[in-house]
Amino acid sequence: MTEFLQQLINGLALGAIYALIALGYTMVYGVLRFINFAHGDVFMLGAFAGYFLSPLVNRVLPAQSYAGGIIVLVLAMAICAALGMLIEILAYRPLRNRPKLTVLITAIGVSLFIEYTCQHRAVFGAAPRNFPDLIPANNWHLGGVVLSSNQVIVFVTTLLLLAALRFIVQRTKVGTAMRAVAFNEQAAALMGVNINSIISFTFGLGSALAAAGGILFAMNYASIDPLMGVQTGLKAFVAAVFGGIGNLPGAALGGVIMGVVETFAGGIPGLSNYRDGIAFAILIGVLIFRPAGLLGKVQTEKV
Amino acid sequence: MNSGAKRWLLAAIAVAVLISAFSAHFNRYYLGIAIDVGINIILAVSLNLINGHTGQFSLGHAGFMAVGGYSAAKLTLTLQSLVPPWAQPLLFIAALLVGGAMAAVAGLAVGVPTLRLRGDYLAIVTLGFGEIIRVIFQTSETFGAATGLTGIPRWTSFGWAWSGAALCVFVITSLVNSTYGRGFLAVHDDEVAAGASGINPVRYKVTAFVIGAFFAGIAGGIYAHHKSFLSPTGFDFMKSIDIVVMVILGGMGRTVGVIIAAVLLTVLPEFLRGFADYRMILYSLLIVILMLARPQGLFTFGNTNRNAKA
């Protein structure tokens, strides 16, 4: 039982991170209807931003303090939001009205470009690096279950960010505009919504969440490398499809389920080797039996 | 026209075998590259049937190649000692065909359940299948797990690789130009209209996947007997992307363009070995610039109407 609870906590922590990344995929899909392959790499850049910001922040604030951790997180989110917008303006905006596959391939190209540039020895180098401890390390023992301070931070941060996101999307003017663009781009434009700035904002928001996910991931797994976003990004994408792509609560739910399933599967001896394949098996199952995802709406095709 | 194409095929195979006969005089490094070119032509032209002519989008071609390569290699490794030397070419052909057949079965397994999906969903599912195939080979002890298979006899010569390429080009070109094959183009142009005209889109899509996967499997077998070892990392997502880029660079559905692109993209990286650090950065940048500037492919001229939808 304790082992079950322990695995559940580990799974939920991983799932919360997947949820943060999945939200970015699903938001971009909502407004532009394409898969931003480079999103996983923005997640990686977030972790690296945290890695380089941490020593700078420590000059002002003591190392391993909560205030310092929060500042690193916020700065990394801001940097990645800017990067996400830059990627959109340079690579995706010129292709706005082109066929979807052209954009998809461009996204793959952007993703590869970021990965290979970061692997170059003049940038980050290919070797993994140790991520510094941002906050005081503590382990709480509840019965037989161990809960680390990093995991608590993952839960707290994720919940806060989800609440903030919900507020932005549902209660603010820019959020309303986002939903309008996702619903019908042309109609939104006719109602005076500036499509370009809304799409830019969506990229920024999604990238900021990915950066937060990157830092939380790095805090929990301690090692970062330029290719860390590939597998994690793919799994988060699967989570977004699982929940129903374009649907925000669905992405969060899908991410959590994905994290829990993967962690439990990793604990079963015969299955642990197939850990990386499980995400895709789930994806294929979902797309075959319920292509719209768990919470997505089934859309009929107009001829 | 058809007999003319057959004559071309025979001529191509004859030339390939003839060159192969003198291969001992060539630089082994260049010969190796030439064989790689042949293999990549098979891969690109077979993917072109799926992505170009039929207008689907597969990102899992390396998975089919892996199935073919591993099956062929396993068969040769098991039967090698039982077969007299004179029968080795027969065993090689049998291994290639078995590899192709296994890949075709995999293509069927991928094709049937997923072809209800379109566009980027299909791309993601094929990507997923490719990854699952790789994970299975990576964990299966029978196939050498993470180390892969080693000691595969080096039976691939220039003649084998280029005969395979010629055969692949011949079969796929003839197929697409046949009365039956017009259906692939119809499905590409407009699925709904094709369906309304009595063409079964699902059947055409599955056929494209099975035939494309078959040739990818053959290419895998030739590759296995060329490199003499196989490891699961050689068949990852990147390999699939490489093949997709060849098809896009050549122009979707343009066989000649795709062949030129396959040659270019195999030879060019070899010349860039000196800039190894920047090679892949340039490569990824090339993809982005190509999509921004010439999404219809480098070798597509004139009527681009057909490709507007691709």
Highest GNM mean-square fluctuation, chain A, Cα pairs closer than 10 Å: which of A:ILE89, A:ILE245, A:ILE17?
A:ILE89
Max mean-square fluctuation residue, GNM over chain A, Cα-Cα springs under 10 Å, options A:MET191, A:MET219, A:MET178:
A:MET191
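Quick one: putting +1 on the C-beta of Lys and Arg, -1 on the C-beta of Asp and Glu, what dipole do you get for chain B around its Cα centre, in Debye to the nearest 20?
Values: 19 positive and 11 negative charges, 90 e Å.
Here the size comes out at about 440 debye.
Beyond a 32 Å Cα-Cα separation, which of these cross-linked pairs lie in this structure: A:LYS297/B:LYS205; B:LYS6/B:LYS205; A:LYS100/B:LYS227; A:LYS100/B:LYS6? If you can, show how the numbers build up before the last one.
Values: A:LYS297/B:LYS205 26 Å; B:LYS6/B:LYS205 26 Å; A:LYS100/B:LYS227 37 Å; A:LYS100/B:LYS6 38 Å.
The pairs that break the limit, which is 32 Å between Cα atoms, are A:LYS100/B:LYS227; A:LYS100/B:LYS6.
Count charges around B:GLY32 for me, please; just the other residues with Cβ under 11 Å from its Cβ, Lys/Arg as +1, Asp/Glu as -1. The partial results should precede the final answer.
Details: positive: B:ARG28, B:ARG154, B:LYS227; negative: B:ASP36, B:GLU270.
In short, +1.
For A:LEU112, A:LEU53, which order do you get if you count the other beta carbons within 10 Å of each Cβ and list the fewest first?
Values: A:LEU112 25, A:LEU53 20.
Lowest to highest Cβ neighbour count: A:LEU53, A:LEU112.
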Across the Cα atoms of segment B:65-201, what radius of gyration and what greatest pairwise Cα-Cα distance (Dmax) are found, in Å?
18.7, 56
Specify the residue with the greatest mean-square fluctuation among B:ALA213, B:ALA66, B:ALA14, computed from a Gaussian network of chain B linking alpha-carbon atoms under 10 Å apart.
B:ALA14
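Other chains' Cβ within 10 Å of B:129-141 residues: what's the mean?
Working: counts 4, 1, 8, 9, 2, 2, 8, 3, 0, 4, 6, 1, 0.
The per-residue average across the peptide is 4.
Excluding B:GLY128 itself, calculate the net charge of residues whose Cβ lies under 14 Å from the Cβ of B:GLY128, where each Lys or Arg counts +1 and each Asp or Glu counts -1. List each step's numbers first, then the result.
On the way: positive: A:LYS235, B:ARG134; negative: A:ASP276, B:ASP120, B:GLU131, B:ASP236.
Once all neighbours under 14 Å are counted, the net charge is -2.
Once you have the Kirkwood Rh of segment B:1-147 from its Cα pairs, apply Stokes-Einstein at 20 °C and 1.002 mPa s and quote D in µm²/s. Could the numbers behind the result be given before it?
Values: Rh = 17.8 Å.
Diffusion coefficient, whole number: 120 µm²/s.
Which of rounded, prolate, oblate describes segment B:185-310, given a ≥ b ≥ c as roots of the alpha-carbon gyration tensor eigenvalues and a/c under 1.5 marking rounded, otherwise prolate only if a/b is larger than b/c? Don't skip to the answer; put the middle values down first.
Numbers: a/c = 2.58, a/b = 1.37, b/c = 1.88.
Taking the square roots of the gyration eigenvalues as a ≥ b ≥ c, segment B:185-310 is oblate.
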Work out the charge dipole of chain B with +1 on the Cβ of Lys and Arg and -1 on the Cβ of Asp and Glu about the Cα centre, then indicate which of B:ALA62, B:LEU230, B:LEU91 is farthest towards its positive end.
B:LEU91
Debye calc, one equal point scatterer per Cα of chain B, no solvent, log10 I(q)/I(0) at q = 0.07, 0.08, 0.13, 0.16 1/Å comes to -0.26, -0.34, -0.93, -1.41
Given H placed on each backbone N at 1.01 Å, which residues far from A:LEU294 in sequence or on other chains put an amide H within less than 5 Å of it?
A:GLY243, A:GLY244
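Hey, how much of the P(r) for the protein assembly as shown falls beyond 45 Å, as a percent of Cα pairs?
On the way: 37865 of 187578 pairs.
That fraction is 20 percent.
Can you pull the Rg over Rh of segment A:1-130, Cα-only, Kirkwood?
Working: Rg = 17.6 Å, Rh = 16.9 Å.
When Rh is taken as the Kirkwood radius, the ratio is 1.04.
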What is the fewest-to-most order of A:THR117, A:THR232 by other Cβ atoms lying within 10 Å of their Cβ?
A:THR117, A:THR232
All Cα pairs of segment B:69-137, percent lying beyond 19 Å
47 percent
B:LYS74: which aspartates and glutamates have alpha carbons under 20 Å from its alpha carbon, excluding same-chain residues fewer than 8 sequence positions away?
B:GLU141, B:ASP236
Would you give the gap between the C-alpha center of segment A:26-44 and the C-alpha center of segment A:76-114, rounded to a whole Å?
8 Å
Residues of segment B:48-63 with the amide nitrogen closer than 20 Å to a label point 7 Å from the Cα of B:THR78, along Cα-to-Cβ, please.
none
Total charge dipole magnitude, segment B:179-310, about the Cα centre, Cβ charges on Lys, Arg, Asp, Glu only, Debye to nearest 20:
160 debye
Round to a whole angstrom and tell me the spacing of the C-alpha centers of segment B:41-91 and segment A:210-261.
35 Å
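If each DSSP helix of 4+ residues adds -39,500 (n - 2.57) and the sum is divided by the residues in chain B, what number results at 222 nm, nearest 500 deg cm²/dmol? Could the numbers behind the result be given before it?
Details: 12 runs with 217 residues, N = 310.
The per-residue figure over chain B is -23500 deg cm²/dmol.
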Derived scalar couplings ³J(HN,Hα) [segment A:280-292; Karplus, 6.51 cos²θ - 1.76 cosθ + 1.60; whole Hz; x for Gly, Pro]:
6, 4, 4, 4, 5, x, 4, 5, 7, 8, 8, x, 7
Vicinal HN-Hα couplings computed from phi for segment A:8-13 (Karplus, 6.51 cos²θ - 1.76 cosθ + 1.60; Hz; Gly/Pro x):
4, 5, 4, x, 5, 5
Can you list the HN-Hα couplings for segment A:106-118, worked out from phi with the Karplus curve (6.51, -1.76, 1.60; θ = phi - 60°), rounded to whole Hz and with x for Gly and Pro?
4, 4, 4, x, 4, 4, 4, 4, 4, 4, 6, 5, 5
Charges only on Cβ, +1 for Lys and Arg, -1 for Asp and Glu: so what's the dipole of the protein assembly as shown about the Cα centre, in debye to the nearest 20?
1100 debye
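Working from the alpha-carbon coordinates of segment A:11-64, get Rg over Rh, Rh being the Kirkwood radius. List each step's numbers first, then the result.
Details: Rg = 15.0 Å, Rh = 13.1 Å.
Looking at segment A:11-64, the ratio lands at 1.14.
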For segment A:160-243, what is Rg from Cα atoms divided by 2.2 N^0.38 Å, rounded to two decimals?
1.32
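None of the figures in this text is laboratory data; all of them are computed from the coordinates on show. Everything quoted here is computed from the prediction, not taken from an experiment. Every residue, glycine among them, receives a Cβ derived from its backbone with ideal geometry; neighbour counts consider all protein chains shown.
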